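A.B. asks: Please read through the structure below; I'll follow up with questions.
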Amino acid sequence: MLFSTTGTHTRTPFAYLEVGHILPHSLTQASADSELDDSKKAALMILNMFDCDVSHLVDGSNIDRPSNAISLTHDFHRHFGNFDVYFEPVADQEHTYQIKSFLPSLALEGIPVTRTLYLADDQSIDRPLPRLLAIHNAIAHILHLSGAGEYIDKILRDMEETGVQRDGSTNLGRIVKLKLAGWLNERS
């Protein structure tokens, strides 16, 4: 990690940034014949339940537009992509968010924190859309509060340990189905 020394002899940490998708590719990744399978179509319909007609903002090549992107450090990118970190808008402060997490405070130093997302001076690059950040926030809460996130993490851990469990069982069938459907590509 790089550090900047200020005149008061304190060190401010710097880290490399990565661009992450607010809503992941796995939602709209088409099959080889350019068709969305039923589970992806259902995912897009669910997105529209969160915010009427929002799916067009991430449909096809729109998924890669700057409005669906955010710069994060490597670790935050991973936590954001896993829906462990989310952005809550700060009232009456445009493009300002309190960044929060469901992870224990020891796992993510400096969270919660409030940050304002800035635009390039010439405004040639779109800001992340607040609508998409709100949907990401909602998904994070649903995964956490329902326990579904923990279940998904267990499946992913099982996938990494593709061997047979102590009791002789395996989730290989479920893992293969998820992989073939394209749902696990983004997490590997």
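A.B. asks: Go through region 20-26 residue by residue and turn each phi into a ³J(HN,Hα) via Karplus (6.51, -1.76, 1.60, θ = phi - 60°); whole Hz please, and just put x for glycine and proline.
C.D. replies: x, 7, 5, 10, x, 3, 4
A.B. asks: Val54: net charge of surrounding residues, Cβ under 14 Å, Lys/Arg +1, Asp/Glu -1, itself excluded?
C.D. replies: Numbers: positive: Arg65, Arg131; negative: Asp51, Asp53, Asp59.
My count for the surroundings of Val54 gives -1.
A.B. asks: May I ask you to evaluate 6.51 cos²θ - 1.76 cosθ + 1.60, the Karplus curve with θ = phi - 60°, for each residue of region 44-49 and list the ³J(HN,Hα) values in order in whole Hz, giving x for glycine and proline?
C.D. replies: 5, 5, 5, 4, 5, 6
A.B. asks: Another one. Could you order the peptides 109-118, 60-69 from most to least packed, using the average number of other C-beta atoms within 10 Å per residue? Could the numbers behind the result be given before it?
C.D. replies: Details: 109-118: 11.2, 60-69: 15.2.
Going from most to least packed, we get 60-69, 109-118.
A.B. asks: Order these peptides, 131-142, 46-57, by their mean beta-carbon neighbour count within 10 angstrom, highest first. Working shown, then result.
C.D. replies: Numbers: 131-142: 18.8, 46-57: 14.5.
Highest to lowest by the protection proxy: 131-142, 46-57.
A.B. asks: Quick one: which residues, 5 or more positions from Ala69 or on another chain, have an amide H under 5 Å from its amide H? H modelled 1.01 Å from N in the peptide plane, none for Pro or chain starts.
C.D. replies: Result for Ala69 returns Ile22, Leu129.
A.B. asks: Roughly speaking, what is the stretch gain from Ser71 to Gln93, that is 0.36 nm per residue apart minus the C-alpha to C-alpha distance, in nm to one decimal?
C.D. replies: Working: separation 22, 0.36 × 22 = 7.92 nm, distance 1.99 nm.
5.9 nm is the gain from fully extending Ser71 to Gln93.
Bear in mind these aren't lab numbers, they're just calculated from the coordinates by the rules spelled out. Nothing here was measured: the structure is a model prediction, and the numbers come from that model. Glycine also receives a Cβ, built like all others from the backbone with ideal geometry; neighbour counts cover every protein chain displayed.
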